[in-house]
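Colleague: First, the structure itself, so that you have it in front of you.
Just so it is clear, none of the values below were taken in a lab; they were calculated from the coordinates. What you see is a predicted model, and the numbers here were worked out from it, not measured in a lab. Glycine also receives a Cβ, built like all others from the backbone with ideal geometry; neighbour counts cover every protein chain displayed.
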C-alpha cells in the first residue's frame, strides 16, 4: 500500500480505510486508487514557494485575526524553537511574559502572547500534538477558539 | 445539509454517535475534487465554531488527523473496529477534514496530474471551502477557524489570507498552526541548538560547529558558505534523523523500523532543504552505526 513516514504506525487506518464496505459508506467511487497516508505523486512533484510565511502572518494579524502557533516540544521535524523564534521574529510587542500553562494541575507547557498571536508549547508531546497529548491539546484548542485563558 | 454525502453507518462502529457526519467531494479548480469528511459538534452544531483541519506533508492526508489525532473516533489496532476519542475536538466544534491537495488520500484529479505548489494548493483549498459552504450553507454564520499541522504551517496561513481577503462571506476568526513549518531557515537553524541542548551530540561537534559556523557569536547553521560548516551541520542533522531517533517525538521509540525508504527521504527533504545525506565524516559518540533500530 505504498510508503509511510517512519516512526508512525498507520497500518490500522490504512487497513480500515481500504475496506470495500468502508469506502462505500464514505461514498468513495470504486475507480479511485487505494487510500494511503501520504501520496508519493504529490510529495515528489510538490514545489514550495514560501521559504517563510512571515509576511502572510503579518498581513493576517493586521486584519485583526487571532493566531495560535503551538508545538509539541519533543518534535525535531518542526522543533519548537524554530516556531518560537518565528513568532518572536514577527517583531510584535509581547503582551504577556513567557509563562507556564496548566492542564489537570500539571504544567502542560509554556506560552507567550504578542497581541493577537500566541506561541504555546505542549510539554512532552511530539509532532502530532492531539495524538500524543490529547488532554492538553483539547484544553489548548478550547482556549483558542473561545479566546479564553490558557 | 447535503444529504447524498451523509454517512449514517460505518463498518466497525459499535457505538451510536451523537453527531452527524458527511463524506464526499468538494470542487476545487475544474477537474480537481478534494475528499472531505465533516463531523458536527457533539454540543451545539448551530452555535459552535466550524474548524477546518489540514495535515501537511506536503502530500499527507488529513484523515490521519481524524483517525489518529483529534477526530471523534479512531481505528483499533485490528484495522477493523473503531473506538471513541474522549478528547475529540468535535466535542465543542464542527470539524471539517479536507484531504488536500488532489492526489492525497481519496482526493483526485480527472487528468491524474499531481504536480502542484503552495499557491495552487491555497487556491484549490479556498475553492473547496466555497464548495463546502454551498453544500452546507447554514454553517456560514458559525465562527470559522483554520488549523494546519506540519507543512500545514504553509497551508493554513496561505489559505487564511484568501479567506480573509476573498469575496466569500465567511465568519473567519483565526488560524492555528501545530508543529508547523513556518520558516525553513529558522527550522534548520534551531534544530542544531535543539540537538545540542537535548544532549544528542557532545562538545566536540558543538565546538566545531561554533568554530566553523559562527562569527563573533552570530551563527549560521542554515546556509553557511563554509563547506566545513555545511559538513558539520549535516553530521548534526544526520544524528537527528538518521541515527535511530524518532524525529517526530524524541522520547518515543520508532514504531515502524528503519527509515531508509523513499517516502521518508522525501518528507525530510521538504523540511531540511540543505541536508544532503552523506557518510558520517565526523566521529559521533563513539561511532553510532546506522544499524541501530
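Colleague: Taking the Cα atoms only, what angle lies between the long axis of helix B:184-197 and the longest principal axis of chain B, rounded to 10 degrees?
Modeller: 60
Colleague: Could you give the nm distance between label points at residue A:88 and residue A:100, where each point is 7 Å from its Cα heading toward the beta carbon?
Modeller: 2.1
Colleague: Given contacts defined as C-alpha pairs under 8 Å and at least six residues apart, what's the relative contact order of chain A, whole-number percent?
Modeller: Once divided by the residue count of chain A, the mean separation gives 18 percent.
Colleague: Based on other C-beta atoms within 10 Å, arrange B:222, B:108, B:9 from fewest to most.
Modeller: Ascending Cβ contact count within 10 Å gives the list B:9, B:222, B:108.
Colleague: Under the rule of -39500 (n - 2.57) per DSSP H run of 4 or more residues, summed and divided by the residues of chain B, what mean residue ellipticity at 222 nm is obtained, to the nearest 500 deg cm²/dmol?
Modeller: -9000 deg cm²/dmol
Colleague: Counting each DSSP H run of 4 or more residues in chain A as -39500 (n - 2.57), what helix-only mean residue ellipticity at 222 nm follows after dividing by all residues, to the nearest 500 deg cm²/dmol?
Modeller: Taken over chain A, the calculation gives -9000 deg cm²/dmol.
Colleague: In nm, to one decimal, how far is the residue B:141 label point from the residue B:43 one, both placed 7 Å along Cα→Cβ?
Modeller: 1.9
Colleague: Size of the protein assembly as shown along its principal axes in angstrom, Cα-based, largest extent first?
Modeller: On the principal axes, the protein assembly as shown reaches 65, 47, 45 Å in Cα extent.
Colleague: Follow-up question, since we're still on this one. Rank the residues B:207, B:162 as a footprinting-exposure proxy: fewest other Cβ atoms within 10 Å of their Cβ go first.
Modeller: Listing B:207, B:162 from fewest to most nearby Cβ atoms yields B:207, B:162.
Colleague: What value in Å³ per residue do you get for the convex hull of the alpha-carbon atoms in region A:1-64?
Modeller: So the per-residue hull volume is 185 Å³.
Colleague: Cα gyration tensor of region B:112-215, axes a ≥ b ≥ c as square roots of the eigenvalues: rounded (a/c below 1.5), prolate (a/b > b/c) or oblate?
Modeller: prolate
Colleague: Contact order normalised by length for chain B, with contacts defined as Cα pairs under 8 Å and 6 or more residues apart; what percent is it?
Modeller: Relative contact order here is 15 percent.
Colleague: Sticking with this structure for a sec: Relative to the longest principal axis of chain B, what angle (0 to 90°, nearest 10) does the C-alpha long axis of helix B:227-242 take?
Modeller: Taking the Cα atoms of chain B, the angle to B:227-242 is about 50 degrees.
Colleague: Round to the nearest 10 and give me the degree value, 0 to 90, for the angle of helix B:203-213's Cα axis relative to the longest principal axis of chain B.
Modeller: Approximately 80 degrees, to the nearest ten.
Colleague: If you don't mind, there's one more thing I want to ask. Distance from a point 7 Å along Cα→Cβ of residue A:30 to each backbone N in region B:10-29: keep the residues under 20 Å and list them by number.
Modeller: B:11, B:24-25
Colleague: Rank-order A:55-66, B:44-55 by packing density, defined as the average count of other C-beta atoms within 10 Å over each peptide's residues, highest first.
Modeller: Packing order, densest peptide first, comes out as B:44-55, A:55-66.
Colleague: Rounded to the nearest 5, what % of the DSSP beta bridges within chain B are antiparallel ones?
Modeller: Within chain B, antiparallel bridges account for around 55 percent of the total.
Colleague: Follow-up. Just need the Rg to Rh number for chain A, please, alpha carbons only, Kirkwood Rh.
Modeller: Ratio of gyration radius to Kirkwood radius: 1.05.
Colleague: Right, another one. Give me the extension gain from residue B:214 to residue B:19: residue separation times 0.36 nm, minus the current Cα-Cα distance, reported in nm with one decimal.
Modeller: Separation in residues times 0.36 nm, less the Cα-Cα distance, equals 64.6 nm.
Colleague: Hey, what did region B:12-83 get for relative contact order, percent, Cα under 8 Å, at least 6 apart?
Modeller: The normalised contact order for region B:12-83 reaches 24 percent.
Colleague: Taking Cα centroids, how far is region B:86-165 from region A:1-75 in Å?
Modeller: Cα centres, region B:86-165 to region A:1-75: 11 Å.
Colleague: Fewest to most neighbouring Cβ within 10 Å: what's the order for B:213, B:254, A:38?
Modeller: So the ranking, lowest neighbour count to highest, is B:254, B:213, A:38.
Colleague: Sort B:121-127, A:20-26 for me by packing, meaning the mean count of neighbouring Cβ atoms within 10 Å per residue, highest on top.
Modeller: In decreasing order of mean packing, B:121-127, A:20-26 become B:121-127, A:20-26.
Colleague: Can you give the mean number of other chain Cβ atoms that lie within 10 Å of the Cβ atoms in peptide B:59-72?
Modeller: 6
Colleague: Report, as an integer, the average count of C-beta atoms from other chains found within 10 Å of each Cβ along B:79-85.
Modeller: Partner-chain Cβ atoms within 10 Å, mean over residues of B:79-85: 3.
Colleague: Rounded, prolate or oblate: pick one for region B:58-164, where a ≥ b ≥ c are the square roots of the eigenvalues of its C-alpha gyration tensor, a/c under 1.5 means rounded, and failing that, prolate if a/b is larger than b/c, else oblate.
Modeller: Oblate shape, in that a/c is at least 1.5 and b/c is the bigger or equal ratio.
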